[in-house]
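K.L.:
Quick one: this structure, given as structure tokens, is what I'll be asking you about.
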Amino acid sequence: MDSKAQTGVRGENIATDYLRQEGYMICARNWRQGRYEIDIVAQRMGITHIVEVKTRRAGSLLQPEQTISPTKIAALHKAAAAYIAQNRIIGEIEFDLVAIDIFPDQSVDIRFIPNIAEMSW
């Protein structure tokens, strides 16, 4: 059985591949500044997407979507503000979620949920 960290890395790889197949350009993965982190930064059609990836083994008590808390949204906003300032991003920003369930046979269910949060500034 994979460790929690291995499951997370696998999920981020799956999410990156999924986003590329959907026409997104990946700008950054696992971007960090201090205690803030962004799983994936991508662009498509002039919009910068701040993408949170949540991966769970099938059968977990909570679905990946249910693990996004107000505290997590606040941390995403702070991380996004730092990324935008550091990279001088201009234009529309969208916060999205890629939720992934991994089944015992190693098949996956991927759900892309756009606009999980609004910009708060």
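The values are calculated or read from the model by the stated rules, or taken from the named source; none is laboratory data. Small disclaimer: the values here were computed from a predicted structure and weren't measured. For neighbour counting, all protein chains shown are included, and Cβ atoms are generated from backbone atoms with ideal geometry for every residue, glycine included.
K.L.:
Pick out the one residue from Lys78, Lys72, Lys4 that is among the basic types (Lys, Arg), without any contact (Cβ under 8 Å) to a residue 40 or more places away in the chain, more than 15 Å from Ile100 (Cβ to Cβ) and out of contact with any helix residue (DSSP H, G or I) (no Cβ under 6 Å at 6 or more places or on another chain).
P.N.:
After applying the criteria, what remains is Lys72.
K.L.:
Out of the residues in region 1-56 meeting the condition of being more than 23 Å from Ala75 (Cα to Cα), among the acidic types (Asp, Glu) and at pLDDT 95 or above, tell me which one is surrounded by the most Cβ atoms within 10 Å (Cβ to Cβ).
P.N.:
Among residues in region 1-56 that are more than 23 Å from Ala75 (Cα to Cα), among the acidic types (Asp, Glu) and at pLDDT 95 or above, the one surrounded by the most Cβ atoms within 10 Å (Cβ to Cβ) is Asp17.
K.L.:
Then there's this: Hey, can you tell me all the residues within region 90-119 that are at pLDDT below 90 and either in contact with a helix residue (DSSP H, G or I) (Cβ under 7 Å, 6 or more places away or on another chain) or of a type outside the set (A, V, I, L, M) (or both)?
P.N.:
Within region 90-119, Gly91, Ala117, Glu118 meet the criteria.
K.L.:
Right, next: Return yes when Ile40 is in contact with an Asp or Glu (Cβ under 9 Å, 6 or more places away or on another chain) and assigned to a strand (DSSP E or B) and no when it is not.
P.N.:
yes
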